[in-house]
Every structure is written in C-alpha cells, then in structure tokens.
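Every read-out reported here was derived from the displayed coordinates using simple, explicitly stated rules and does not represent laboratory data. Every value quoted in this text rests on a predicted model; they were computed, and no experiment measured them. Quick reminder, even Gly has a Cβ in these numbers, built from the backbone with ideal geometry, and neighbours come from all protein chains shown.
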Amino acid sequence: MAKARSGKGRRPVAFQSKGWLESLTALERRREPYDALHRALFQEVLAQFVGPLRMADECTAKLGEDSAADRDNPRVIEVGAGAGRLRQLLGESLDGQWLHTEPDAASLRHFRQRFPESRARAAGAERLHVEAGALSSWVGLCVLDVVHDLTAVASEAHRALSPGGHVIHFLDMTTLLEKPLADLASVELLAIPNVFSDPSDDIWPQDLAILPFGAVKTLLGLMERHRRPLGSVFGSYFQMFFEASFNPKRTAQAFHVLASSSQLRSDMQVMFSEAQDIATQVGAGEIPFAVASSAKHVAGRVRAAFEALGFRIEVDEIRTSWERYPRATGEPVGYRSLCVGHERQYHDLPPRLLCREAPAPGPDLQLREAGVHVFVARRGS
C-alpha cells in the first residue's frame with residue numbers, strides 16, 4: 001500500500017447519481033477504444049449460437065417472400081437494448097432479424113432515433129410480450145447483472161424460447177453492485193474498492209475489498225481518537241452499511257463514485273495505510289480484509305438461476321481478444337485493456353496480459369486487449 005499522507009482539509013465525499021440514459025452514454029465513451037475487439041468477440045459467439053449475421057439487403061434477397069414474415073415474427077430478441085450498443089457494433093446485419101426491447105422510456109426513444117430501421121418495443125426482461133416458444137435466441141448485453149428478479153427473468157426466457165433455444169449474455173463492463181452489496185450487508189460485511197492489491201492479478205478483476213462491520217467500526221474509532229480523517233471523509237459511505245434499513249441502490253451508487261475516481265481511491269488507499277500503521281503501533285493487528293470479484297459473484301448467481309430451470313450451461317467464461325492499434329502522435333500509452341469494466345493503461349506492458357499470445361507494442365503501435373464474460377445456456381425440451 002502507498003505511504004500515508006496527511007488528510008487535512010479533505011471534505012466528506014458527496015455521492016450523486018446519474019440518470020440511466022446518461023450512465024449508458026458514459027459507458028459507451030469508455031467502451032469506444034475497444035469497439036473492434038468487442039465486435040469480434042460478440043460476432044464469434046453469435047455466429048456460433050444464433051447463426052451468421054447477414055446485411056439487411058442480403059437477408060431480403062435470400063429469404064424472398066418469407067422476409068416480411070420474419071420481420072413481423074423475429075426469432076431473435078435482444079433484451080435490454082439500452083441506447084443501442086449491440087446494434088451500433090453489429091450494424092444493419094440485425095435489421096429484419098432481431099427484435100430489440102428496452103423498458104426505460106428515455107433509452108428506448110434514443111435507440112429509435114439512432115436506428116429508425118430497427119424494430120424496437122418497450123418490454124422488460126420479466127415480461128417480453130412474445131408467444132411461448134416463439135424465440136430461438138435470447139440475447140443481452142449487461143442485462144442479467146442489473147435485473148431485480150433474476151429468477152423471474154430466467155423463467156420468462158424459458159417460456160419464450162423454443163426447446164433447444166439459447167440464452168446468450170455478454171458482460172463487458174462492471175456489474176451493478178446492488179445485489180452483491182446486499183448479500184454482504186446481510187452477513188455484516190461491507191465492500192470498498194480494492195485498494196489493497198492489484199485487481200488485475202486474476203482474470204476475474206478483484207474489484208472488491210471486503211471487511212467485517214466490527215473491524216471497520218473499531219478502525220473508525222481508533223482513527224477518530226488519533227485525529228485521522230478516515231471517518232470524516234469516508235464515514236458517510238460506511239454508515240450506509242450500518243443503517244438498520246440497508247439501501248442497496250444508494251450504496252451501489254456511492255461505491256461507483258468511489259471506484260470511478262482515481263483521487264478518491266488514492267485517498268482511501270493512503271488513509272487505510274495510515275490506519276494500518278496506527279493499528280500496528282497500538283497492537284490492534286492487521287486489518288482483516290478479503291478481495292473478491294463482483295463479476296464472478298454475479299456470474300455464479302446467473303448460472304444458478306438458469307440451471308434451476310433445467311437450462312444446460314454451454315459457455316460460462318471470460319473470453320479475450322487483442323489488437324495492435326496505431327498510436328496517435330505523442331501518445332505515451334503503449335498498452336490498454338478493458339476486462340469486465342476494469343481498465344488498465346501502461347507505457348509498456350503490464351505484469352499480466354489477458355492474452356498470453358499477444359505481442360509487445362511497437363514504437364508506433366498500441367496493444368489493446370479486451371475481456372468479456374460470455375454466458376450461454378441452452379433450453380431443454
């Protein structure tokens with residue numbers, strides 16, 4: 001951990017949340033440098049389990065008179081289309097073959113404005129408004145980690161899919177943390193951004209540091225007696241876990257504020273380092289913490305929900321890809337990666353690559369890597 005520095009003058013952290021569409025737009029900006037890698041990963045999986053993605057005019061030419069019927073009764077549904085990330089990456093190949101659904105009115109309106117030729121309707125993952133057995137494929141990008149009732153979503157997918165149909169889900173960004181944080185709070189544990197170790201030490205980014213309530217309360221009391229700022233700066237976040245009525249949404253939003261600010265993570269790191277030094281001096285021992293992956297936690301919940309309904313899990317792993325990209329003039333970054341929302345940037349190479357076969361960046365080239373959790377489940381008869 002970094003050497004502690006004085007926290008004098010630091011104010012308590014203010015937690016403010018963004019609207020859903022604003023959040024989706026911000027995510028698209030973060031994803032943009034990895035568009036080509038994500039496109040290749042998505043296309044590979046979809047080609048295997050959905051079939052080849054044809055351009056709209058090619059689709060019409062091959063289907064002939066049946067093309068209009070396919071447009072009226074699409075066999076592939078995208079659930080939670082949001083602002084159109086998948087449609088943007090995969091292009092016109094989806095038009096006439098897919099039905100896009102989105103429950104948020106502002107996001108759906110934005111989607112229709114961007115892609116007027118695509119078929120889109122208002123529907124939530126829990127109720128798709130299609131006939132039983134009508135679908136061959138259920139596709140989603142960053143959906144199963146944000147739904148409120150995963151069991152209901154899995155049940156609706158089972159109802160809507162024909163026997164042998166597939167659920168195909170991609171997770172390329174950090175999961176929403178409402179459920180993982182609620183699970184932790186229920187057993188008197190809290191989570192902060194992992195400031196104790198390198199999250200990229202594992203293919204599943206270890207983004208959470210988990211601490212017992214009792215240890216944190218003891219630590220806050222110790223820091224207050226020594227007039228250190230840990231409690232005054234971050235106390236409002238810790239208090240969210242200690243409240244009698246835990247609010248997962250508000251706490252997850254606050255966690256996101258901490259995790260997305262390099263300054264706040266740095267402040268938290270040095271304050272915990274200072275706290276450990278003082279705890280050692282007074283004989284209080286090591287700060288008890290464990291690191292974990294929020295994405296892996298969610299992946300486990302998703303797998304369990306679909307297995308309970310008799311789905312056969314065919315893919316459940318992080319798939320990776322790499323490319324070398326021309327560096328802009330004066331660009332100092334030779335390496336960058338995005339793995340399930342965890343981003344890294346280095347002048348040269350990091351201690352650990354996502355793809356072992358990836359080459360070193362050249363003087364005029366930047367190495368980029370991407371990692372996406374891919375989940376594919378097949379409906380039984």
**Complete:** Counting only DSSP beta bridges with both partners in the chain, the antiparallel fraction in percent, to the nearest 5, comes to 60
**Asked** How large is ³J(HN,Hα) for each residue in the stretch 231-242, as worked out from phi by the Karplus curve 6.51 cos²θ - 1.76 cosθ + 1.60 (θ = phi - 60°), to whole Hz, x for Gly and Pro?
**Response** x, 5, 8, 10, x, 5, 6, 4, 4, 4, 6, 7
**Prompt:** How high is the FRET efficiency from residue 151 to residue 360, r the C-beta distance, R0 56 Å, rounded to 0.05?
**Reply:** 0.75
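Stokes-Einstein diffusion coefficient for the chain at 20 °C in a medium of 1.002 mPa s, Rh from the Kirkwood formula over Cα pairs: what value in µm²/s? Each step should come with its number before you reach the end.
Numbers: Rh = 22.7 Å.
Rounded, D is 94 µm²/s.
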**Asked** For the stretch 249-365, what relative contact order do you get, as a whole percent, if you take Cα pairs closer than 8 Å and at least 6 residues apart?
**Response** 15
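Just want to confirm a number: the relative contact order over the stretch 300-381, from Cα pairs under 8 angstrom separated by 6+ residues, in percent.
Working: 142 pairs, mean separation 36.2, N = 82.
Relative contact order, the stretch 300-381: 44 percent.
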**Message:** Skipping prolines and chain starts, which residues have an amide H placed within reach, meaning under 5 Å, of the one on residue 365, given they are 5 or more residues away or on another chain?
**Reply:** 327
**Request:** May I ask you to work out the translational diffusion coefficient for the stretch 155-303 at 10 °C, viscosity 1.306 mPa s, via Stokes-Einstein with Rh from the Kirkwood sum over Cα pairs, reported in whole µm²/s?
**Result:** 94
**Prompt:** Peptides 193-204, 276-287: what's the order by average Cβ count within 10 Å, highest mean first?
**Reply:** 193-204, 276-287
